[in-house]
Amino acid sequence: MTNQMGMTAEPCDVAVIGGGPGGSTAAALLARRGYKVIALEKAHHPRFHIGESLLPMNLPVFERLGVLDKVRALGVFKPGADFEADNERGYNTYAFARAIGNSPTHAYQVWRQDFDKMLYEHARECGADAREGHEVVNVEQNGPRETRLDVRTDDGRNYRIQASYVVDASGRDAFLSTKKKLRRKNDQHQSAAIFGHYRGAERRVGEDAGNISIYSFEHGWMWMIPLPDDVMSVGAVCRPDYLKQRKGRTVEFLLDTLKLSPALWQRVERARLIGNEVRVTGNYSYDSTQMGGPGWVLVGDAFAFLDPVFSSGVYLAMSAAEQAVKVVDAALREPHTEKALLRKLEKRQRAGMDRFSFFIYRFNGPVMQQMFRQPRNAWQLEQSVISMLAGDLFDTPKVLWRLQLFKLVYAICGLRDWRRWRAEHEYRLAQARSQFTGGNTPLDKA
């Protein structure tokens, strides 16, 4: 296929932009269905990413993809999440085994560079033509089944691809969303993060050893994620105004920040910061006005980015990719079904993100903090929150209606202390309008 400029375009059924979890999932499953898939990743695996904590609802996706044993070999067993509390232990454990839906009873914590590399290699094993160091620099659509992609390799070559369908899983680059002017900043929420990796940090004892631990402090929240080889990912997600205060060495600012949580600092103070390396990122929340159109679909962070507080990024990306594969397959075989299927997919994805968002937006507020520190299980509301933490946000009615009831209970609690609730609400909206420029490391790219 030759265009007006004489450059031959390489044909394929589906081009997948991005080699993170969402892109690799889509590439593997489409190749399995017999399509000619070209997957394009601008970097080379392994490449660093944060976002190491997976959700139980990832596991059925891993199983269908055929990589569950590989994930198990890479990961640290994660039985739940714990949140700081005013009790003898100093924390409450939200064990995934107590979820009320059908979600698995555990998940894993992984080094993302190893996890992403494994998924990309798996896509290649499934038959996808997976190319690294190949960056899509331009896209031009000439028809619903005719999209031209201009690609530049990191050794200076340029070539073109002609695809019948494009799956954009370019992460926070949001390639198509930006090009089509669909991307919009979230006016409800914004945060920024500073983090590093420690060796020798104190883990929880016994069955809680693999938990992700969450701590609150005046300016946001902090995480501790156990990783293989006695490594602990430690960081703080902060209001932008707080992170703007950092001066001098970023390492010192991280240490000063971690000390603001005495319970966390007690677990970290004798540990060693690996490589003396600290990363900072402006963690902008955003979405796109449209998830797909004739011949294209957005998955993962290429469509929307929420916040890392409940580790939702990898699951939302891989789940969306799995659903998007069904849409692409149907659209290529029966084009008249595409519009309705894309509309259904977007409605489903937005509903799941909205359920996460309710908790994310309010997590730093006094009402939600109190509910997490002193959970009550009347009407199984605590267990519904555990199901939310497990990622069971799409298809389980007994979870979904209880989450609606939780919102009502939250509103009643908020009315009891409405001045503090209102002050926090107004502050959150003001921070969402704040401008912050940090590093460019994605927190939860998928």
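FYI, it's all coordinate maths here, none of it is from the lab. What you see is a predicted model; the values in this text were computed from it and never measured. Please note: Cβ atoms are built from the backbone with ideal geometry, for glycine as well, and neighbour counts cover all protein chains shown.
Rounded, prolate or oblate: which one fits the stretch 1-68, using the alpha carbon gyration tensor with axes a ≥ b ≥ c (rounded when a/c is under 1.5, else prolate when a/b beats b/c, else oblate)?
oblate
Would you mind counting up the charge near residue 330? Only other residues with Cβ under 12 Å from its Cβ, with Lys and Arg at +1 and Asp and Glu at -1.
Here the charged neighbours net out to +2.
Among 259, 244, 180, which one moves the most in a GNM of the chain with springs linking Cα atoms closer than 10 Å?
Maximum among the listed residues: 180.
How big is D, in µm² s⁻¹, for the stretch 19-114 by Stokes-Einstein at 25 °C and 0.890 mPa s if Rh is the Kirkwood radius over C-alpha pairs?
158
So if we plug the beta-carbon distance of residue 263 and residue 131 into 1/(1 + (r/R0)^6) with R0 = 45 Å, what FRET efficiency do we get, rounded to 0.05?
On the way: r = 46 Å, r/R0 = 1.03.
According to the calculation, E is roughly 0.45.
With springs only between Cα atoms under 10 Å apart, run a GNM on the chain and tell me which of 415, 400, 273 wobbles the most.
415
Once you charge only the Cβ atoms, +1 for Lys and Arg and -1 for Asp and Glu, what is the size of the charge dipole of the stretch 77-212 about its Cα centre, to the nearest 20 debye?
Taking the Cα centre of the stretch 77-212 as origin, the dipole is about 560 debye.
Using mean Cβ contacts within 10 Å as the protection proxy, how do 405-414, 310-319, 381-390, 362-371 order, highest first?
Values: 405-414: 14.7, 310-319: 27.6, 381-390: 24.4, 362-371: 19.2.
Per-residue Cβ counts within 10 Å, averaged per peptide and sorted highest first, yield 310-319, 381-390, 362-371, 405-414.
How large is the helix-only mean residue ellipticity at 222 nm for the chain, computed as the sum of -39500 (n - 2.57) over DSSP H runs with n ≥ 4, divided by its residue count, in deg cm²/dmol to the nearest 500? Intermediate values should be presented prior to the final figure.
Values: 14 runs with 165 residues, N = 446.
Helices in the chain give a 222 nm mean residue ellipticity of -11500 deg cm²/dmol.
Give me the distance in nm between label points sitting 7 Å out from Cα along the Cα-to-Cβ direction at residue 245 and residue 69, one decimal.
If labels sit at residue 245 and residue 69, their model points lie 5.2 nm apart.
Please list, or write none, the aspartates and glutamates whose alpha carbon is within less than 14 Å of the alpha carbon of residue 247, excluding same-chain residues fewer than 8 places away.
Result set, ordered by chain and number: 256.
Mind pulling the angle between the C-alpha long axis of helix 338-362 and the longest principal axis of the chain? Nearest 10 degrees, somewhere in 0 to 90.
Once rounded, one gets 20 degrees.
Taking the Cα atoms only, what angle lies between the long axis of helix 418-432 and the longest principal axis of the chain, rounded to 10 degrees?
40
In nm, what is the difference between 0.36 nm times the number of residues separating residue 10 and residue 337 and their Cα-Cα distance?
Numbers: separation 327, 0.36 × 327 = 117.72 nm, distance 2.71 nm.
Between residue 10 and residue 337, full extension yields 115.0 nm more.
Can you tell me how the stretch 264-402 classifies by the Cα gyration tensor, rounded, prolate or oblate, using a/c under 1.5 as the rounded cut?
In terms of gyration-tensor shape, oblate.
Can you compute the charge dipole magnitude of the chain about its Cα centre, using +1 on each Lys and Arg Cβ and -1 on each Asp and Glu Cβ, nothing else charged? Give it in debye, rounded to the nearest 20.
Numbers: 62 positive and 52 negative charges, 215 e Å.
It comes to approximately 1040 debye.
For a 19 Å ceiling on Cα separation, which of these pairs sit above it: 36/326; 36/181; 42/117; 36/70? Spell out each step's value before the answer.
On the way: 36/326 16 Å; 36/181 29 Å; 42/117 13 Å; 36/70 25 Å.
36/181; 36/70, as the Cα separations exceed 19 Å there.
Taking only C-alpha pairs under 8 Å that are 6+ residues apart, what is the relative contact order of the chain in percent?
22
For the stretch 203-329, what is Rg from Cα atoms divided by 2.2 N^0.38 Å, rounded to two decimals?
Normalised Rg, Cα atoms only: 1.31.
For residue 188 and residue 420, FRET efficiency with R0 = 22 Å and r from the beta-carbon atoms, rounded to 0.05?
Efficiency for this residue pair is about 0.70.
Ratio of Rg to Rh for the chain, alpha carbon only, Kirkwood?
0.97
Calculate the dipole size of the stretch 209-280 relative to its Cα centre from +1 charges on Lys and Arg beta carbons and -1 charges on Asp and Glu beta carbons; express the result in debye to the nearest 20. Intermediate values should be presented prior to the final figure.
Values: 10 positive and 8 negative charges, 45 e Å.
Dipole size: approximately 220 debye.
Once you sort the root eigenvalues of the Cα gyration tensor of the stretch 125-167 as a ≥ b ≥ c, which label holds: rounded (a/c under 1.5), prolate (a/b larger than b/c) or oblate (the other case)?
oblate
Using a cut-off of under 17 Å, list every residue of the stretch 365-384 whose amide N is near the label point 7 Å from the Cα of residue 404 along the Cα-to-beta-carbon line.
Output list for this probe position: 379-381, 384.
Expressed in nm to one decimal, what extension gain is obtained for the pair residue 105 and residue 154 from 0.36 nm per residue of sequence separation less their Cα-Cα distance?
Contour length minus Cα-Cα distance gives 13.4 nm.
If you take the charge dipole of the stretch 53-168 about its Cα centre, with +1 on Lys and Arg Cβ and -1 on Asp and Glu Cβ, which of 54, 151, 97 is farthest toward its positive end?
Selected residue: 97.
Run the simple label-point estimate for residue 255 and residue 289 please: 7 Å along Cα→C-beta, distance reported in nm.
Result: 4.9 nm between the two label points.
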